[in-house]
Amino acid sequence: MTPAAVRASRQPDDIPQDAILQGEIQGMNVHSQDIASRAVGQSARSVRFVDVAKRFGSVAAVADVNLTIAPGQFVTLLGPSGCGKSTTLSMIAGLELPSQGHIYIGDRDVTTVPPADRDIAMVFQSYALYPHLTIFENIAFPLRAKRRRTTETEVTRKVTDAARMLGLDKLLARFPREISGGQRQRVALGRAMVRTPTIYLLDEPLSNLDQQLRVQMRSELKDLHQRLGATMLYVTHDQGEAMTLSDIIAVMSAGRIEQVGAPRELYDRPANLFVARFLGEPGMNILNGDIGDGRLRGQGVAIALPPTVKAGPGGLCAGIRPEDLVLCPIPEAELTGVVRTVEFLGSRCLMRADIGDTLVTAFLPAEVTTQPGETVGLKASYPGRTRWFDVASGLAVGH
Amino acid sequence: MNQGMRLTGRAALLAASALASVVVLGPIIWALSTSLKSDNHIFAVPPRLIPDEPTLMHFQRLVAEGVQWSFLNSAFYTVVSVAFAVAVGGTAGYALVRYPVPAKRALLVLFMGVMSIPSYALLLPTQVIFVRLGIFDTRLALPILYAAHVIPFAVWMTRAHFATVPRELEQAALVDGYSRFEAVWKVIIPGARPALIAAAAFGFLYAWNDYITATTMVESPDLRTLPVALIFFQGFHGRDWGALMAGVVIATLPPIVLFLVYRRYLIGGFSEGSVKG
């Protein structure tokens, strides 16, 4: 048997147990057993980063990444452009070599293994379809690699299967330039699926589609992940995609992983100011002031400190999500300020108000009659919704 | 614009095109016609474009003189130099786009600079070098010089093309299970065909039509190229216009055939190089 065949025939029991059971990610315990168990019976593999860094010259694109992805998980690397998420994905693919650290797929150290020998499939942002080949040949391309030795009947069967699954059956004789963006995207997926890889890498696969198609493809991807049970790594700067698709999100910024966790966990309990501001549309309101008298006090700000939160030497700031703010009489208010704009969104209103020199956003019921210029009082709908951060380190200290 | 003016415009365009065709094709057609006339019909008054009694005597004469060997020499020099220049130039063009070559800009400027030196200025020094190296008047002399002339052009031409090819195409092939070489061969080269063919066509025309380099670097009659052989032929046989024109026809045929076969790529390749380069 060829090494590839040996690898393919291995059972999932060679996946390190700790990766499945603990899903240990940067010391945070992620509850991934249910997700992992779904992958049992599939050939899904775990991915593990150990102290991985990538420098281009003197620029650190990725620094100190430690991340474990359990088999069968859908994990998204989310961050603003230039944060190192695509570089991280390229290192799993083997298209970039890490400057330091190790990458494991399953229990195999693949740090320097060529891309062809990693048993991964990748969908590129630009789709990277081969312009001189028909759709059929594009999808068949991975099967025609020498190392796979696929017979012609098998190629035809696999390509038609994948094409049927993605609704491409009628386009097989066409060339990439003759089909639409959404269809190209599906061909790229088909090319990835056709050889049932253990890991899918998806680099902003939906960003070139229009809004409607993006939402449609998003649910198709989710569906595909559930059917295939494969490990999927997804890169995006679109938090809506990240939230809806992922089992786990790793938020990245400036080459570092800021926080790893399930979407809800990241949203409700951001580990630091970056994640708090980055997640949510709009992001969390961050309010500054001085601590005194058991309160955070600033211009228009007076928020009682919960007993569990202790102020460090750098001081504290409070974070409140826009949807957690409600209007209240000014004497009871935690925030007092002047309304700048009120946008009617149908189901609710988005209000912007100047609290001191901080612009605070709040989602209010659709029927509010508040007008710009009015002075209003706001408070958290209940105290547990306010997050507290250490100003100096930016880290969350409690809620 | 009214109907009449549009018609006049059309007619003018047509007339201009016809005139251009006559200027370009006239000599070739006249050469073909002359090559098929017997000696006493060549200067017949009034001149006739279609020969009364077409004859292949001039072609037979050329064969008797052994001109076909010069044809084969030319073909050999051209094919070897073009194949070599396109392979080397294409590889260099690719490397200059994809690999971190030190002093990349300087190298490209150097290539450009070399192209701008009139090759005749280098002819005599090169001859001296070739004599010293023992390459003068051998089968190697002309392929080396032709390839050297074509390589910079091939580098620029292919580099301009490779620069437009997204990196992801190769990366996709790598992930799909191919080696770097296979990825380039199966994914990049097919797309680069117009650029490669354009570079090859430039090289072909240069090597096939060259006269000066061929007379300077090669002396032996059995190493001669076709243009050199034809000039010698004229020198020996004075005003044997029929045979000379037959030679011209033979020499013109290969470029025309190649152009007709590859015209789709040539026009595409040149415009691509000029627009995207």
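The values are calculated or read from the model by the stated rules, or taken from the named source; none is laboratory data. All values derive from a computational prediction rather than experimental measurement. Positions of Cβ are generated from backbone atoms using ideal geometry, with glycine treated the same way; all protein chains shown enter the neighbour counts.
Observations on the model:
- Residue satisfying all of: in segment A:244-256; buried (at least 20 other Cβ atoms within 10 Å of the Cβ) and out of contact with any helix residue (DSSP H, G or I) (no Cβ under 7 Å at 6 or more places or on another chain); nearest to A:D51 (Cα to Cα) among these: A:G255
- Meets criteria (more than 20 Å from the chain's Cα centre (by Cα) and more than 14 Å from chain B (Cβ to nearest Cβ)) for A:Q183: yes
- The listed residues are A:T308, A:T336, and the only one of them that is in contact (Cβ under 8 Å) with a residue 24 or more places away in the chain and in a strand (DSSP E or B) turns out to be A:T336.
- Among the criteria (1) in a strand (DSSP E or B); (2) of a type in the set (G, A, S); (3) more than 22 Å from A:L279 (Cα to Cα), the one A:G373 does not fulfil is (1).
- Of all residues in segment B:185-209, those that are touching a helix residue (DSSP H, G or I) at 6+ places or on another chain (Cβ under 7 Å) and either of a type in the set (D, E, K, R) or within 14 Å of chain A (Cβ to nearest Cβ) (or both) total 8.
- Test for A:R214: is it over 16 Å from A:Q73 (Cα atoms) and not in a helix (DSSP H, G or I): no
- Near pairs, Cβ below 7 angstrom, 6+ apart or cross-chain, from segment A:125-141 (facing chain B (nearest Cβ under 10 Å) and under 11 Å from A:A163 (Cβ atoms)) to any residue that is assigned to a loop (DSSP other than H, G, I, E, B) and modelled with pLDDT of 90 or more: A:N138/A:L129; A:N138/A:Y130
- Within segment A:362-391, tally of residues that are of a type in the set (A, V, I, L, M, F, W, C) and either more than 19 Å from A:R352 (Cβ to Cβ) or in contact with an Asp or Glu (Cβ under 9 Å, 6 or more places away or on another chain) (or both): 7
- Residue list for segment B:91-141, filter: in contact (Cβ under 8 Å) with a residue 40 or more places away in the chain, of a type in the set (G, A, S) and out of contact with any Lys or Arg (no Cβ under 9 Å at 6 or more places or on another chain): B:S119, B:A141
- Between A:V215, A:V155, the distinction of being more than 12 Å from every other protein chain (Cβ to nearest Cβ) and more than 21 Å from B:K186 (Cα to Cα) belongs to A:V215 only.
- Taking the criterion of being buried (at least 19 other Cβ atoms within 10 Å of the Cβ) and part of a helix (DSSP H, G or I), the residues of segment A:257-280 that qualify are A:P263, A:L266, A:L273, A:F274, A:V275, A:A276, A:F278.
- Residue within segment B:30-37 that is outside the structural domain of B:V228 (by TED's automatic domain parsing) and over 27 Å from the mean Cα position of the chain (by Cα) present: yes
- A:G167 vs. criteria surrounded by fewer than 18 Cβ atoms within 10 Å (Cβ to Cβ) and either aliphatic (A, V, I, L, M) or over 20 Å from A:Q239 (Cα atoms) (or both): yes
- Some residue of segment A:201-209 being within 19 Å of A:E281 (Cβ to Cβ), within 20 Å of the chain's Cα centre (by Cα), modelled with pLDDT of 90 or more and within 14 Å of chain B (Cβ to nearest Cβ): yes
- Which numbered condition B:Q234 fails, given (1) within 14 Å of another protein chain (Cβ to nearest Cβ); (2) assigned to a helix (DSSP H, G or I); (3) polar (S, T, N, Q): (1)
- Residue check, A:P80 closer than 23 Å to A:G190 by Cβ and either free of Cβ contacts under 8 Å to residues at least 40 places away in the same chain or surrounded by fewer than 22 Cβ atoms within 10 Å (Cβ to Cβ) (or both): no
- Looking across segment B:148-184, the residues that are at the interface with chain A (Cβ under 7 Å from one of its Cβ atoms) and crowded, with 24+ Cβ neighbours inside 10 Å come down to B:A172, B:V175, B:D176, B:G177, B:Y178.
- So A:R264, is it without any contact (Cβ under 8 Å) to a residue 24 or more places away in the chain, outside the structural domain of A:Q73 (by TED's automatic domain parsing) and charged (D, E, K, R): no
- The set of residues in segment A:88-119 that are away from every other protein chain (no Cβ under 13 Å) and of a type in the set (S, T, Y) comprises A:T88, A:S99, A:Y104, A:T111, A:T112.
- Of the set (1) crowded, with 19+ Cβ neighbours inside 10 Å; (2) part of a strand (DSSP E or B); (3) over 15 Å from the mean Cα position of the chain (by Cα); (4) not basic (K, R), all apply to A:G283 but (2).
- Residue count for segment B:136-167 under the criterion of being part of a loop (DSSP other than H, G, I, E, B), under 22 Å from B:Y99 (Cβ atoms) and within 20 Å of the chain's Cα centre (by Cα): the result is 0.
- With respect to the conditions (1) more than 13 Å from chain B (Cβ to nearest Cβ); (2) surrounded by 24 or more Cβ atoms within 10 Å (Cβ to Cβ), A:E178 lacks only one, and its number is (2).
- Some residue of segment A:351-361 being among the acidic types (D, E), outside any strand (DSSP E or B) and loosely packed, with under 14 Cβ neighbours inside 10 Å: yes
Results for (1) in a helix (DSSP H, G or I); (2) surrounded by 14 or more Cβ atoms within 10 Å (Cβ to Cβ); (3) in contact with a Pro (Cβ under 7 Å, 6 or more places away or on another chain), shown as yes or no for each residue.
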site: B:L72; (1), (2), (3): yes, no, no
site: B:Y77; (1), (2), (3): yes, yes, yes
site: B:V82; (1), (2), (3): yes, yes, no
site: B:G93; (1), (2), (3): yes, yes, no
site: B:L96; (1), (2), (3): yes, yes, no
site: B:A106; (1), (2), (3): yes, no, no
site: B:V109; (1), (2), (3): yes, no, no
site: B:L124; (1), (2), (3): yes, no, no
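- All positions within segment A:111-129 that are buried (at least 23 other Cβ atoms within 10 Å of the Cβ) and β-branched (V, I, T): A:I120, A:V123
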